[in-house]
Amino acid sequence: MQKDTAFYRRFFAEIFLYLYQYEETKHWQALVVFRNRKIEPEDSQPYQALLNSSNVTRIYLEDLGDEAYENLGLGIVKLIVEDQARAVEQAKMLAAKATAELADDAERQKVLELVKTIILYKFKDLEPEEVIEMLGMEDFKKSRLYQGMQRLARQECIEEGREEGRKEGREEGREEGRKEGREEGREEGKLLTVPLLLELGLTVEEIARRLELTVEQVQQAAQNQSN
């Protein structure tokens with residue numbers, strides 16, 4: 001992570017722009033989280049009074065020990081910068097903490113999904129199912145959030161497979177979408193040969209039988225070519 005030298009200028013400018021736009025705001029608090037002190041901008045003198053005030057809290061993750069995991073929010077932030085060797089165990093702890101402390105199902109599932117996403121980012125060679133098993137989050141599979149994600153993933157896979165299948169009709173795929181796409185690609189290839197076969201003297205019925213198409217499909221392909 002690189003140092004953002006203009007961070008404080010932008011940070012406080014946005015705060016005061018918000019206060020200007022929303023006059024009803026009477027109190028404000030800001031939280032700044034740095035991975036370590038090295039990436040904190042050095043150009044802080046113009047804002048020192050604000051930084052020293054009770055309105056602004058700065059947290060350096062390098063200073064946080066395991067006690068950070070006692071707080072769900074801080075624990076998730078620290079998990080982002082945790083070493084791979086410790087990340088899985090800490091993620092399990094956070095998942096258990098979220099399950100025990102968050103009564104609202106939607107909020108709990110969002111936190112579990114965030115924990116899973118962080119681990120996926122750290123272990124990029126793992127599939128989501130492997131991460132869920134690794135973290136002992138089997139109950140997460142029953143949630144509406146997870147099931148919705150699965151439906152979305154399947155739809156994306158089908159769409160991706162269709163596109164890939166059109167381009168690579170013969171390539172063997174492992175996803176439902178790829179199979180469907182290959183079939184569409186083969187069919188499109190057959191339809192492209194219809195005008196040539198008609199020129200060679202074959203009848204519509206013969207072409208349909210030989211290409212395993214319907215007569216209507218062959219007629220439509222011929223019509224498209226004439227247009």
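The values are calculated or read from the model by the stated rules, or taken from the named source; none is laboratory data. The model shown is predicted, which means the values in this text are computed figures rather than measured ones. Neighbour counts are summed over all protein chains in view; Cβ atoms, including those assigned to glycine, are modelled from backbone coordinates with ideal geometry. Quick note on the areas: whole protein, heavy atoms, side chains included, nothing else; ligands and nucleic acids left out. Shrake-Rupley method; radii C 1.70, N 1.55, O 1.52, S 1.80 Å.
Structure above, values below:
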read-out: Separation of the residue 70 and residue 106 label points, Cα + 7 Å toward Cβ, nm; value: 3.2
read-out: Surface share of carbon and sulfur [accessible, 1.4 angstrom probe, percent] for the range 1-122; value: 52
read-out: Sparsely packed chymotrypsin sites (Phe, Trp or Tyr not before Pro) within the range 29-128, loop by DSSP, other Cβ within 10 Å at most 16; value: 123
read-out: Residue-normalised accessible area of the range 1-124, expressed per residue, 1.4 Å probe, Å²; value: 64
read-out: Amide hydrogen neighbours beyond the local backbone of residue 59, cut-off 5 Å, H modeled; value: 32, 33, 34
read-out: For residue 88, net neighbour charge (Lys/Arg +1, Asp/Glu -1) across residues whose Cβ lies under 13 Å away; value: -1
read-out: For residue 10, solvent-accessible area (1.4 Å; no DNA, RNA or ligand), Å²; value: 110
read-out: Nitroxide proxy distance, nm - points 7 Å out along Cα→Cβ at residue 18 and residue 124; value: 3.2
read-out: In order through the range 76-82: 3J(HN,Hα) via Karplus (6.51 cos²θ - 1.76 cosθ + 1.60), integer Hz, x for Gly, Pro; value: 5, 4, 5, 4, 4, 9, 6
read-out: For the range 87-94, Karplus couplings with θ = phi - 60° (6.51, -1.76, 1.60), whole Hz, Gly/Pro x; value: 4, 5, 5, 5, 5, 4, 4, 5
read-out: Loop sites in the range 35-126: GluC sites (Glu not before Pro), DSSP, at most 11 other Cβ within 10 Å; value: 42
read-out: Placed amide H near residue 71: partners under 5 Å, 5+ positions off or other chain; value: none
read-out: Rough spin-label spacing in nm, given labels placed 7 Å along Cα→Cβ, for residue 35 and residue 10; value: 1.6
